[in-house]
1. Got the relative contact order for the chain handy, in percent, Cα pairs under 8 Å and 6 or more residues apart?
2. Would you kindly work out the equivalent ellipsoid of segment 56-130 from its C-alpha gyration tensor and give its semi-axes, the square roots of five times the eigenvalues, largest first in whole Å?
3. Once you keep just the Cα pairs under 8 angstrom separated by 6 or more residues, what percentage relative contact order results for segment 103-249?
4. Give the dimensionless ratio obtained when the Cα radius of gyration of the chain is divided by 2.2 N^0.38 Å.
5. Of all alpha-carbon pairs in segment 1-91, indicate the percentage at a distance above 15 angstrom.
6. Could you check what % of the DSSP bridge pairs in the chain are antiparallel, to the nearest 5?
7. With contacts defined as alpha carbon pairs under 8 Å and 6 or more residues apart, what's the relative contact order of segment 1-55 in percent?
8. Mind pulling the angle between the C-alpha long axis of helix 232-244 and the longest principal axis of the chain? Nearest 10 degrees, somewhere in 0 to 90.
Amino acid sequence: MDGIEPVAAALRRARGVVVLTGAGVSVESGLRPFRGRDGWWKGRDPTTLATPEAFEADPSLVSEWYDARRLAALAAAPNPAHEAIAELERQVVGAGGRFLLVTQNVDGLHQRAGSVRMVELHGNLTVWRDHRSGQRVTPGPAPFEAYPAPGPDGGWLRPDVVWFGEFLPQAALSAAAVAVASCDVMLVVGTSAVVFPAAGLVGQAAAAAAVTVEVNVEATPAAVGHRLIGPAGEVLPRLVREAFKADPR
Ligand code: BJW
């Protein structure tokens with residue numbers, strides 16, 4: 001693992017900070033990552049389920065998988081990694097700097113930890129929409145009665161997330177690109193950094209001469225300047241403490 005102090009010093013000096021997160025940030029909350037054997041469900045690889053084609057071919061299976069994940073997300077609590085990112089935002093913004101959290105996660109845990117300046121690139125699992133009309137609904141904390149569940153306009157409910165081959169929400173992606181272009185430090189936390197366009201933001205930050213830092217239990221293909229190897233729930237609180245002498249709540 002690279003030293004934490006140079007990264008802490010860069011954070012202290014930074015006028016603009018971007019944090020890009022992925023599923024690994026929620027692993028310590030008990031949620032499964034997307035890739036690797038831990039993410040498989042009933043013998044299925046998630047990458048084969050998160051597509052419009054999979055939903056069309058087997059809406060029952062795909063709905064049931066997403067509903068199980070929705071209920072797990074609602075039952076989970078933010079962990080020290082989510083809390084450290086929220087504290088980092090408060091420190092940077094409190095000192096007059098710019099901050100944006102760009103998450104690929106759909107579980108809503110960052111918001112529940114207190115993050116405010118953030119965009120969700122891949123949508124949110126707690127919101128569903130009629131696959132025909134697009135009308136959104138926020139189901140309660142009980143399992144759906146049927147898979148697929150009927151939508152309000154005669155279609156089926158599908159999660160309000162971005163599947164492979166679908167476009168990301170333009171406003172979120174534009175906000176991310178603008179923040180990345182003017183950031184001094186980018187933290188890349190708990191993501192395998194293989195899904196585009198999110199993964200491309202790391203190269204854009206490096207091109208903007210930002211200090212780029214990976215926080216992950218293992219090194220990924222992301223071309224970063226620093227790697228802090230370890231669980232995000234341990235590394236991030238230490239980093240924020242070191243940078244600002246603040247204790248994440
Ligand atoms: C820990 C830890 C701990 C564990 N602490 N760390 C350019 C090149 C090649 C392909 C493309 C390209 N541009 C577009 C594409 C196609 C495609 C793509 O990227 N494919 C690649 C797989 C090759 N992209 C798209 O289709 C995107 N749309 C698009 O580009 O539209 C324009 C277009 C349309 C049509 C044609 C062409 C272009 C859409 C991408 C949507 C991704 N959606 C998903 C599902 C969301 C809903 C759901 O959750 O089910 O998003 S896929 C899945 O991957 C999910 C995640 O957000 C995303 C990233 O995964 P993530 O978060 O990194 O998780 P993992 O599990 O992979 O990694 C976890 C990491 O945590 C690991 O590294 C662990 O080590 C680590 N870890 N414990 C710290 N305690």
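1. 26
2. In descending order the semi-axes read 30, 13, 7 Å.
3. 15
4. Compared with the compact-globule rule of thumb, the chain sits at 1.02.
5. 70
6. Within the chain, antiparallel bridges account for around 30 percent of the total.
7. 15
8. 40
Only the coordinates and a few stated rules stand behind these numbers; no lab work does. Just so you know, these numbers come straight off a predicted model, no measurement behind them.
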